[in-house]
Amino acid sequence: MARFALMVDTEGVLQATSLKGISAADWQEIQSIGNSNLVPASTVATLQYSITVAMALTVDRSGVLNVYRNDSTDGAGWRLAETVGGATLQPGGNVVVFRQSASMVTALTIDRFGVLNRASLDSSVSSSWQGMFTIGGSQLIPGSPIALCISDSAVFTAMVVDSAGMLNVATLDLGAGPDWQGLSTIGGAQLDPGSAVCLI
């Protein structure tokens, strides 16, 4: 299984390098993927989808989620992005991606209106991503970071600090149903709006 490093350069182009061995000298030359449609220096979320397939997700300049794939079995390298949903997201906003089940991968991000959004890929149903779908109201800061914790194989928790400085939580309990619940607030408005949360 190859290791990858991905980043967005100063022109807004996704760049990738891979580790083909075990030492620092085994990193390959950096390769450009696609064109300059991304926000320079924006974050890239990654997921090892399977032993042979890696994914990278980022929000482009127009506010659309972009999903890149690399399948080591075909030797084609990173494919040009599949776009998901419309131009409703915060350009360059943070994305968190995780495996929801054996067949489903989910991505969360906060749109330009301050609403938590999700998109999913369910390989048992389709080869294309579905979304965006909203969770809760518009109290969040567009593009701010989201922390995610998987309590067990069926319970997922997302936390984010809203525009008033309050901690917000959304929960997905697959034992209770397929829908996310929340957002609910915890405590008072003592946090820095949009600040990062760490979950362990």
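Taking Cα centroids, how far is segment 13-50 from segment 77-106 in Å?
16 Å
Can you check what the net charge comes to around R118, using other residues whose Cβ is under 13 Å from the Cβ of R118 (Lys, Arg +1; Asp, Glu -1)?
Details: positive: none; negative: D111, D122, D179.
Taking every Cβ under 13 Å from that of R118, the sum is -3.
For A170, what charge total do you get from the other residues with a beta carbon under 15 Å from its beta carbon, if Lys and Arg give +1 and Asp and Glu give -1? Don't skip to the answer; put the middle values down first.
Values: positive: R118; negative: D111, D162, D173, D179.
With Lys, Arg at +1 and Asp, Glu at -1, the net is -3.
So how do D173, D192, D111 line up by other beta-carbon neighbours within 10 Å, fewest first?
Values: D173 16, D192 8, D111 23.
Ranking D173, D192, D111 by Cβ neighbours within 10 Å, fewest first, gives D192, D173, D111.
How would M159, M104 line up from fewest to most surrounding beta-carbon atoms within 10 angstrom?
Details: M159 21, M104 16.
The most exposed by this proxy come first: M104, M159.
The numbers here are math on the coordinates, done by the rules we state, and not lab data. These numbers were taken from a predicted model, which means no experiment stands behind them. Note that each Cβ is placed from the backbone with ideal geometry, even for glycine, and that neighbours are counted across all protein chains shown.
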